[in-house]
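The values are calculated or read from the model by the stated rules, or taken from the named source; none is laboratory data. Since the model is a prediction, treat every value here as computed from it, not as a measurement. Using ideal geometry, Cβ is built from the backbone for each residue, glycine included, and neighbour counts are taken over all protein chains shown.
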Amino acid sequence: MNDLTDIEYLNRVARGYGLELSRLHGDAGITGSPERSLNRTVAGNTAGEKYIIEELPPDRSEKKQRLGKHQHALKDLAVPHVHPPLRNREGSVLTQLDGRFFQITPFVPGVTLPRPEYVTDAWRGEAMADFLISLYGKTRGTDVVSQEERDGQGFSIADYVQRILRDIDQKNPEISSRVRQIAASLEDRFMEVHDKVPQIFCHGDFHVMNVIWGTSGISGVIDWEFCGLRPDVYDVANMIGCIGIEDPNALGGPLVTRFLEKLTQSGLISRMGWENLAEFIIALRFAWLAEWLRNNDPEMIELELVYMKLLADNRATLFR
């Protein structure tokens, strides 16, 4: 059932936030993947303000509440480009109606990212570095992550890699030997030191497609699904890894170079983090490989394996 095309039904949700909607705009122009929503649409009021209204799976309601809390904390700390979901009259970012869960977020317009040409834009690298510098600097020493969450932080990318390897051995044995060869590049040092890298509050899935771009800067940063405490080079590695699969030559190009220059100058990433940057990039690509395997996408699986081997074969000289 999709009542997100019914303005009256949407207003039953929106009035809990003090909104009165008058026009539907459909789902065109929404940045980010629709996979974590059951339905979503954009609706506006008579003042011209637009909002994204999403119906969310009930089993994700607790996590969405926690993510909303984190985003509001970041906004309170004046971290730029963070647009949290609205709070309703009860102070919750979720509204339950007819046993269904809804979230309303301000709609932030953007421009289409020119692919693959964007990898040569040094200004994008600088803008993304500035965002991380603000995020890391303003959350340092704060309680954005509660003590309960700190105590429960058990995510380890090294453990995740091992789990992916076991799954591939069982479900995708035809690529197992290739993947194991890539994983071997992490054995000499990374697996031992990974959990010793200082942890900071990270976005968790930081890359160019999770940015709403304006014509000359960032308008918004979206998809905070994996935010939390991570090794300090985590976001850096994920962002660079995503640039490289677009164009491996871009790993030494203007965007990545300027991105790294600004972050190095900031002093916010530890020496241990920088020393293991190449290995973090490789490790995080296992998460992307797992995504392609889940989606049964042979073209992306092959592309990812070729890219991961390229990274593994050149890790000794990457960013050293």
Original post:
Condition test on D223, is it at positive phi and under 18 Å from the mean Cα position of the chain (by Cα)?
Top reply: yes
**OP:** Kindly provide the set of residues from the stretch 292-307 that are under 19 Å from the mean Cα position of the chain (by Cα) and either of a type in the set (S, T, N, Q) or within 21 Å of F190 (Cβ to Cβ) (or both), ordered by number.
**Re:** N295, E304
**OP:** For the stretch 99-117, name all the residues that are touching a helix residue (DSSP H, G or I) at 6+ places or on another chain (Cβ under 9 Å) and over 21 Å from A73 (Cβ atoms).
**Re:** G99, R100, F101, F102, L113, R115, P116
**OP:** Filter the stretch 135-145 down to the residues that are crowded, with 19+ Cβ neighbours inside 10 Å and either modelled with pLDDT of 95 or more or assigned to a helix (DSSP H, G or I) (or both), then identify the one that is farthest from the chain's Cα centre (by Cα).
**Re:** T139
**OP:** Evaluate the following for V111: is it buried (at least 18 other Cβ atoms within 10 Å of the Cβ) and either among the β-branched types (V, I, T) or modelled with pLDDT under 95 (or both)?
**Re:** no
**OP:** List the strands (runs of 3 or more DSSP E) that sit entirely inside the stretch 1-80 and contain at least 2 residues that are out of contact with any Gly (no Cβ under 9 Å at 6 or more places or on another chain) and without any contact (Cβ under 8 Å) to a residue 40 or more places away in the chain.
**Re:** 39-44
Original post:
Which of the residues that make up the stretch 217-239 are crowded, with 20+ Cβ neighbours inside 10 Å and of a type in the set (G, A, S)?
Top reply: G220, G228, A237
**OP:** State whether the residues of the stretch 96-104 include one that is in a loop (DSSP other than H, G, I, E, B) and over 30 Å from D247 (Cβ atoms).
**Re:** yes
**OP:** Within the stretch 164-202, track down each residue that is in a loop (DSSP other than H, G, I, E, B) and either β-branched (V, I, T) or over 22 Å from R294 (Cβ atoms) (or both).
**Re:** E187, D188, R189, V197, P198
**OP:** Please state which one of I175, I200, I133 is touching a Phe, Trp or Tyr at 6+ places or on another chain (Cβ under 9 Å) and outside the structural domain of G16 (by TED's automatic domain parsing).
**Re:** I200
